[in-house]
Structure formats: C-alpha cells, structure tokens
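*Asks:* Got a structure for you, written out below as structure tokens; questions coming shortly.
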Amino acid sequence: MAGYGTNEDFTAYATAAGYVIPEGTTDVQKDAARQRGSLVIDRYERFFSGTRTGGYKQERAWGRTGASTYCREAIPTGEIPVAIVNASYEAAFLELTNPGSLSPVVTGSATVKREKIGQLEVEYAASSSTSIADLVAMATPVVTTIEGLLWPFLVPILPGILVV
C-alpha cells in the first residue's frame with residue numbers, strides 16, 4: 001500500500017511547516033506514517049464528490065472521476081489535489097510522532113466513569129450515550145489543519161426530504 005505523495009515531498013512539507021521529523025527516521029517509517037495518514041484522509045471519502053477513477057479496486061479514495069470542489073469547480077479525472085496530499089502529510093506527521101493517535105480504539109464496555117486509587121478519587125465526564133457511533137465520534141480527534149485543507153473538497157450531506 002502506498003500513501004499519497006512521496007517521502008521526499010513529505011519531508012519538504014514538514015520542514016516548510018516548521019515540523020521536526022525525529023532524527024534517525026527511516027524511509028520505511030515515513031512510508032508507514034504516510035500510509036496511515038492517507039487512511040485518515042480516505043475516511044472522508046463519503047463526503048467527496050465523484051467516484052474512484054479505478055473503481056472499487058483502487059487502493060486510495062483519490063484520484064476521482066466526476067469530482068468537483070465545494071464551489072463546483074471540476075477536478076480533472078484522476079488528479080489528486082495538492083491540498084489532499086498536504087492533508088495526508090499533516091496526518092502522516094502526527095502518526096509519525098504519535099503512532100495510532102488518529103485512529104483510537106474504542107471499546108464501549110470499557111469506559112470508566114469513576115476511579116479510586118487509595119485516597120485519590122477521580123470522576124470523568126462521561127456521555128450518557130451507549131451508541132458505539134457516538135463513542136467513536138467522541139474519541140476521534142479533530143485536527144483543524146486537516147479539516148481546513150479538506151473542506152474545499154467536501155460535499156455537504158443533507159438529510160433527505162420526502163415530498164408526498
């Protein structure tokens with residue numbers, strides 16, 4: 001599996017953004033971080049317009065056919081917008097420096113509301129929801145830089161309105 005972009009461009013992007021890639025990071029580690037970063041971006045696929053150019057067998061959500069920006073500007077077939085690649089680099093850097101941080105594992109039955117150790121007692125804020133979807137939504141980090149890079153390519157999903 002390959003992530004969006006290249007290791008060289010990822011390194012250049014990180015440097016230009018003022019990020020410091022840990023000394024001794026190997027290309028294999030960068031590849032893995034870019035892969036995980038790309039998976040984070042691909043989670044937004046349901047909000048992207050168009051369809052995968054290569055169909056369901058295509059590994060990544062981009063390039064797309066029939067895609068357009070939020071302002072209805074057509075994106076050439078198969079092209080991967082620079083902002084999509086840069087968003088994946090943002091996610092890759094977070095994954096490189098804190099692996100797994102953008103893909104938390106949520107177990108609904110393992111939430112702790114109150115914890116007491118000796119004389120120390122802590123009660124955590126907890127949702128009254130038992131819905132796994134709600135728990136996943138609460139546990140999934142929102143990275144505003146990534147959201148900002150992606151928003152021009154997101155299509156608003158409006159609730160269906162039935163007229164009889």
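Computed from the coordinates by the stated procedures, all read-outs in this text should not be read as laboratory data. Owing to the predicted nature of the structure, the values given are computational and were not obtained by experimental measurement. No Cβ is skipped: glycine too gets one built from the backbone with ideal geometry, and neighbour counts run over all protein chains shown.
*Asks:* So, R0 is 25 Å and r is the distance between the beta-carbons of ALA74 and LEU158; what FRET efficiency does that work out to, to 0.05?
*Replies:* For R0 = 25 Å, the calculated efficiency reads 0.70.
*Asks:* Given a Förster radius of 30 Å and the C-beta distance between ALA12 and SER131 as r, what FRET efficiency does 1/(1 + (r/R0)^6) yield to the nearest 0.05?
*Replies:* 0.10
*Asks:* What distance in nm separates the two pseudo spin-label positions at VAL82 and VAL28, each 7 Å out from Cα along the beta-carbon direction?
*Replies:* Placing both labels 7 Å along Cα→Cβ, they lie 3.4 nm apart.
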